[in-house]
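A short write-up of the structure that comes next.
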């Protein structure tokens, strides 16, 4: 109600004092932010969802809060989003917090951990399970505040030249996989490498690498990696919930009027829903197209998942032992995971199991 | 930008013509809506989410768009929400569209069908799979427009005095279950009854009924039905996605300025996310508390699910044969379900299956 009141008072002042109109036209002040992302424009799902946030914020504020969206590389490279926000180059950025786990391992909780919470559980934990508070305490150390803003869901396990039949097949495998997933796979003998998406095709073609993971069918298809590999594996166990976040400079955030804060937050929350929904619509036909090329869709054998599961929690334990921020979140996160899994086992999973085992009657 | 411009022009006019301040204070006009719900205040999850929509809309419009929320019975009974909106008693209502499947069977698609899409798939279908367009064409016939606004997820299968071991145990079973689920169970010999939640406890205690389904652990616990029954069954296959909707009078909607429409829609979308997240946090401890009372948590046997699955699709086919609106949606809905299931089987379900089969390392 405050701004409304202000406009009225100003208008009354105007009538009495005969001030020029522009004094009114300038209040409340227009705010312009630059928002950089980790995505090339070709990733229309991810980049598109940031455009959608900008549109919604503009509509809600009648154009007075403007977000100008930039793709990876236009202002800073895709993996420098967090730093660009931190050093004030831009006010906000859309990225995967896990990219910055090297800077602060606890950032990984914002995106999702291997074999951890699924998309729905991640939202539950963040919004009502105390997760957002815990994670924001970490971002605050860098002068930042994060907003959940989209999720890819369970990703695919990537493209492979050779079949993965046992854990031994992971040994010496030169694979493009970043972040914490790469660190876990290193435990199993994989030679994890960071390679930019645009360089993956030639790297696989020339045999510089043997395998590469990226996202899910819709995004993966664009890279054409199915043309230079034989196998497409599932599941991408290292990213059961790949949540994207809007990372904002706390200094810029605190300067916003309350209604702009509301507009920004609600638009991000909306994308936390719609980003998932969009992926769930574009991935099924993309998988079908990929399968039609002759690419073999394979599931990691149980022995490989068992080894990866063990290696994942060992890795978390190691990080928790040496990093206080990570340790502080790891305990409550594990408790939440356990309790949430117990409930999901009882209702959601039981029905999904049954109906996914059945054909749809014609 | 339009409203901004209008304010400026009005203010300029004021300076020139010396009009009284109230002319400005009244523009843009304040809008007040009454929103009735199907929920008693005791259902703080559902009723609370409508309060949250109202708060967010008020914040986004600086109090200029006010939603006054009423619980079931305050204006109209809980099952008359759609009619109250249609006849202009209130501008909007929060309810489960499936309650009105007797009026128009196609309304059931808005909430979710037995063995149909799960929560994530329901969102995908509605927002990006053409579902909302199809469903809105039905609401339009009654002068209404619907907005997804929360989801309970897979519900429980209810409280039973006796164990359900075979399909025969459903025959002659007097059970409180409404809507389409009741119609499907009737095929299996169950005597389906509509009873108000407040009357369930005495009905079970006196033996007027043998079983009753309501929602999930958190809401069910409040009714105390575990004190007069022995078994609590899973899953509530008739509601794999129990989506709540905000149903709005088209006439009222069309009068809203664009920024109020944006505020209302985005607040509903936010609750489509947050309503699920809240349930996913309150249900696990409630289930634990219920189990601690000695209530036995049981899973419907496969033979019962098989019979229910068959009866469900037979029922849909029957309705489609006689109702054009239902038929128009049923075809594309089935196609979407099939394609979406294919994708969920490949990634999401494979990872959930694996990790839910594992204990969390200590």
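Within segment B:178-192, restricting attention to residues that are touching a residue at least 60 places away in the same chain (Cβ under 8 Å) and in a helix (DSSP H, G or I), the residue that is farthest from residue B:309 (Cα to Cα) is B:179. Residue check: residue B:95 meets all listed conditions (1) at pLDDT 95 or above; (2) in contact with a strand residue (DSSP E or B) (Cβ under 9 Å, 6 or more places away or on another chain); (3) surrounded by fewer than 24 Cβ atoms within 10 Å (Cβ to Cβ); (4) within 22 Å of residue B:238 (Cα to Cα) but one, namely (3). With respect to (1) touching a residue at least 24 places away in the same chain (Cβ under 8 Å); (2) more than 11 Å from chain B (Cβ to nearest Cβ); (3) over 29 Å from residue A:41 (Cα atoms), the lone exception for residue A:96 is condition (3).
Give A:76, A:57 a once-over and let me know the one that is assigned to a helix (DSSP H, G or I) and either in contact with a helix residue (DSSP H, G or I) (Cβ under 8 Å, 6 or more places away or on another chain) or over 22 Å from residue A:112 (Cα atoms) (or both). Explain how you work it out, then say what you get.
Details: A:76 fails: assigned to a helix (DSSP H, G or I).
Unique residue meeting the criteria: A:57.
Here are the criteria: (1) within 14 Å of chain B (Cβ to nearest Cβ); (2) closer than 21 Å to residue A:297 by Cβ. Tell me which single one residue A:184 does not satisfy. So residue A:184 meets the others, but not (2). Among residues that are under 23 Å from the mean Cα position of the chain (by Cα) and closer than 30 Å to residue A:188 by Cα, residue A:233 is included.
Of all the numbered requirements in (1) part of a loop (DSSP other than H, G, I, E, B); (2) away from chain B (no Cβ under 14 Å), residue A:116 misses one, and that requirement is (2).
In the set (1) in contact (Cβ under 8 Å) with a residue 24 or more places away in the chain; (2) under 21 Å from residue A:123 (Cβ atoms), residue A:212 fails one condition alone, (2). Filtering segment B:127-136 to residues that are in contact (Cβ under 8 Å) with a residue 24 or more places away in the chain and either within 13 Å of chain A (Cβ to nearest Cβ) or out of contact with any helix residue (DSSP H, G or I) (no Cβ under 8 Å at 6 or more places or on another chain) (or both) leaves B:129, B:130, B:131. Is at least one residue of segment B:332-339 touching a strand residue (DSSP E or B) at 6+ places or on another chain (Cβ under 7 Å) and within 7 Å of chain A (Cβ to nearest Cβ)? Within segment B:332-339, not a single residue is touching a strand residue (DSSP E or B) at 6+ places or on another chain (Cβ under 7 Å) and within 7 Å of chain A (Cβ to nearest Cβ).
For segment A:149-165, the criterion of a residue being away from chain B (no Cβ under 14 Å), assigned to a strand (DSSP E or B) and in contact with a helix residue (DSSP H, G or I) (Cβ under 7 Å, 6 or more places away or on another chain) is satisfied by at least one position.
In the condition set (1) more than 25 Å from residue A:80 (Cα to Cα); (2) surrounded by 22 or more Cβ atoms within 10 Å (Cβ to Cβ), residue A:228 is compliant with all but (2). Answer yes if at least one residue in segment B:12-28 is modelled with pLDDT of 90 or more and out of contact with any strand residue (DSSP E or B) (no Cβ under 9 Å at 6 or more places or on another chain), and no otherwise. No: segment B:12-28 contains no residue that is modelled with pLDDT of 90 or more and out of contact with any strand residue (DSSP E or B) (no Cβ under 9 Å at 6 or more places or on another chain).
Residues checked against (1) touching a residue at least 24 places away in the same chain (Cβ under 8 Å); (2) at the interface with chain A (Cβ under 7 Å from one of its Cβ atoms); (3) within 21 Å of residue B:151 (Cα to Cα):
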residue	(1), (2), (3)
B:282	yes, no, yes
B:301	yes, no, no
B:314	yes, no, no
B:362	no, no, no
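If you filter segment A:55-69 down to residues that are buried (at least 20 other Cβ atoms within 10 Å of the Cβ) and in contact with a strand residue (DSSP E or B) (Cβ under 6 Å, 6 or more places away or on another chain), you find that the one that is farthest from residue B:57 (Cα to Cα) is A:69. Filter segment B:143-163 for residues that are more than 23 Å from residue B:133 (Cα to Cα) and crowded, with 21+ Cβ neighbours inside 10 Å; which is farthest from the chain's Cα centre (by Cα)? Per the stated criteria, the residue is B:160.
The values are calculated or read from the model by the stated rules, or taken from the named source; none is laboratory data. Keep in mind that what you see is a predicted model, and the values were worked out from it rather than measured. Here Cβ is always computed from backbone atoms with ideal geometry, including for glycine, and neighbour counts include all displayed protein chains.
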